[in-house]
């Protein structure tokens with residue numbers, strides 16, 4: 001009698017368990033073995049920071065499944081505490097160490113799925129062994145043990161200002177610790193451009209979190225952290241959140257093809273350079289949606305999608321992974337920051353042409369109580385009108401807008417076509433002109449050549465070149481601050497006073513760009529052909545760190 005096909009999955013969290021459960025739904029007779037090195041499977045790793053503060057009070061709520069529940073529902077053989085130490089590709093076998101009994105055994109496979117994830121980066125600095133990381137339940141338990149120690153920590157340093165670092169900063173703050181975030185680059189949240197990242201840093205500092213950018217940790221002491229330059233920061237508790245690297249040691253030892261960053265190279269069906277071996281999740285390279293390059297994108301929803309896809313591939317379905325946009329969101333002390341696609345820094349670094357659009361809408365109709373402001377940024381190819389990326393920072397509604405734009409990008413919509421989206425509207429949910437459709441309208445105006453814009457980082461150059469800076473806000477707004485050398489002529493007076501605007505280059509500014517656009521259109525028709533509107537207005541310029 002022919003034995004059933006056998007799939008062995010190495011790694012039992014997001015990608016691995018998605019693959020295992022999808023496999024069972026597709027094939028009731030397949031043998032499915034899941035080998036997990038750690039003590040837990042199918043846990044909610046994205047929820048770990050929120051147990052630190054008690055937002056998620058019960059640790060058990062983070063443990064979504066157990067080997068027993070997975071066996072009962074899906075007839076899966078799930079073994080925790082079992083580490084795969086070697087892949088024998090010729091024999092199609094894996095060598096497995098039971099980390100409790102220290103016994104070893106060999107397990108055959110027809111298909112092998114590597115879902116080993118990624119491991120936290122630990123900088124090689126003195127004292128790093130004292131620092132925590134947060135990647136799994138064991139890491140969480142170690143942090144909670146420190147928090148519950150008889151001498152409770154009062155200060156915490158988070159090394160790294162990315163998504164995990166800021167989530168931990170928020171939750172340590174809620175837990176009553178004095179928190180310092182140390183970030184080696186010049187801003188927190190690298191996926192954001194600096195004028196939006198500055199809003200996140202401002203929120204952190206408003207709540208008493210100290211943020212030190214452009215700072216490098218050189219040593220971790222017993223109760224402090226030493227920075228390059230000699231500064232010491234009190235640190236009863238230290239967490240390293242400086243990034244992750246693919247857990248690809250098994251793949252490397254087996255001779256599978258890897259990228260320069262150490263991720264496993266896969267084809268569109270997640271198959272590696274060995275046809276019998278697949279790789280999914282954080283260990284596997286992804287295909288970037290904007291450039292087509294191989295990239296590392298350690299996101300849970302991508303891991304889950306690819307876990308499902310690889311099960312389809314193993315059972316014979318014709319499937320292909322879609323390129324990744326890197327859509328992500330984080331909450332920081334009541335503020336939401338979300339991104340999709342590329343940012344301006346990345347586009348400039350590779351020399352790709354782009355057009356940037358900034359807006360500052362409310363998340364629903366301004367006349368309805370509770371409207372919260374947001375800052376949105378859209379990046380567009382100036383030739384093809386392709387959407388290259390978007391970012392948002394604000395209160396409610398930011399995630400919704402970035403999700404809409406990410407969906408539009410996946411569907412191949414052009415930036416100008418955002419203006420024609422039919423989005424749900426009632427005053428408490430949105431606006432008759434939704435922020436996304438407004439971005440599309442601006443993109444359409446720019447694509448049609450009806451208006452021209454200047455970016456916040458181009459203002460200094462415009463001034464050096466002798467441009468006339470025209471502020472069309474009210475006199476009261478102007479008195480509260482404006483661009484250098486700006487002259488105030490309120491929009492409502494501009495028709496009568498446009499002769500006060502000299503010939504030549506004119507840059508118009510207002511609060512957020514809307515009145516500036518109206519003024520630029522008016523001036524062009526009144527005999528001032530060389531007029532540009534400051535994109536995003538005074539608010540965007542003022543938020544940018546280079547201004548201060």
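The values are calculated or read from the model by the stated rules, or taken from the named source; none is laboratory data. Computed from a prediction, not measured in an experiment: that's the story for all the values here. Reconstructed Cβ throughout: ideal geometry from the backbone, glycine too, with neighbour counts over all protein chains shown.
Of everything in region 377-409, what is at pLDDT 95 or above and more than 17 Å from the chain's Cα centre (by Cα)? Give them in sequence order. Scanning region 377-409 gives 380, 381, 382, 383, 384, 385, 386, 387, 408.
Taking region 94-135 as the range and being under 28 Å from the mean Cα position of the chain (by Cα) and within 21 Å of residue 307 (Cα to Cα) as the test, the residues that pass are 113, 114, 115, 116, 117, 118, 119, 135.
Within region 486-507, is even one residue over 25 Å from residue 387 (Cβ atoms), assigned to a strand (DSSP E or B), under 38 Å from the mean Cα position of the chain (by Cα) and not assigned by TED's automatic domain parsing to the domain that holds residue 193?
Restricting attention to region 486-507, the residues satisfying the condition of being over 25 Å from residue 387 (Cβ atoms) are 486-507.
Among the residues that remain, those that are also assigned to a strand (DSSP E or B) are: 487-488, 506-507.
From what's left, under 38 Å from the mean Cα position of the chain (by Cα): 506-507.
Now narrow it down to the ones that are not assigned by TED's automatic domain parsing to the domain that holds residue 193: 506-507.
Yes, there is a match, as at least one residue in region 486-507 is over 25 Å from residue 387 (Cβ atoms), assigned to a strand (DSSP E or B), under 38 Å from the mean Cα position of the chain (by Cα) and not assigned by TED's automatic domain parsing to the domain that holds residue 193.
Take the conditions (1) crowded, with 18+ Cβ neighbours inside 10 Å; (2) in contact (Cβ under 8 Å) with a residue 24 or more places away in the chain; (3) not assigned by TED's automatic domain parsing to the domain that holds residue 541; residue 469 misses just one of them, which is (3).
Given the criterion surrounded by fewer than 21 Cβ atoms within 10 Å (Cβ to Cβ) and under 21 Å from residue 269 (Cβ atoms), identify the matching residue among 3, 59, 22, 73.
Numbers: 3 fails: under 21 Å from residue 269 (Cβ atoms); 59 fails: under 21 Å from residue 269 (Cβ atoms); 73 fails: under 21 Å from residue 269 (Cβ atoms).
22 is the lone residue from the list that is surrounded by fewer than 21 Cβ atoms within 10 Å (Cβ to Cβ) and under 21 Å from residue 269 (Cβ atoms).
When residue 292 is tested against (1) more than 28 Å from residue 446 (Cα to Cα); (2) modelled with pLDDT under 95, only condition (1) is not met. Which condition number in (1) surrounded by fewer than 18 Cβ atoms within 10 Å (Cβ to Cβ); (2) in contact with a helix residue (DSSP H, G or I) (Cβ under 7 Å, 6 or more places away or on another chain); (3) farther than 19 Å from residue 438 by Cα is the one that residue 501 fails? Result: residue 501 fails condition (1) only. Filtered by the rule that a residue be within 23 Å of residue 162 (Cβ to Cβ) and touching a residue at least 60 places away in the same chain (Cβ under 8 Å), region 269-295 gives 280, 281, 282, 283, 284, 289, 290.
Among the residues of region 76-123, which ones are touching a helix residue (DSSP H, G or I) at 6+ places or on another chain (Cβ under 7 Å), in a loop (DSSP other than H, G, I, E, B) and either modelled with pLDDT of 95 or more or farther than 20 Å from residue 303 by Cα (or both)? If the condition is that a residue be touching a helix residue (DSSP H, G or I) at 6+ places or on another chain (Cβ under 7 Å), in a loop (DSSP other than H, G, I, E, B) and either modelled with pLDDT of 95 or more or farther than 20 Å from residue 303 by Cα (or both), then 76, 115, 116, 122 are the ones that fit.
Here is the figure for region 475-485: residues that are assigned to a loop (DSSP other than H, G, I, E, B) and surrounded by 16 or more Cβ atoms within 10 Å (Cβ to Cβ) total 2.
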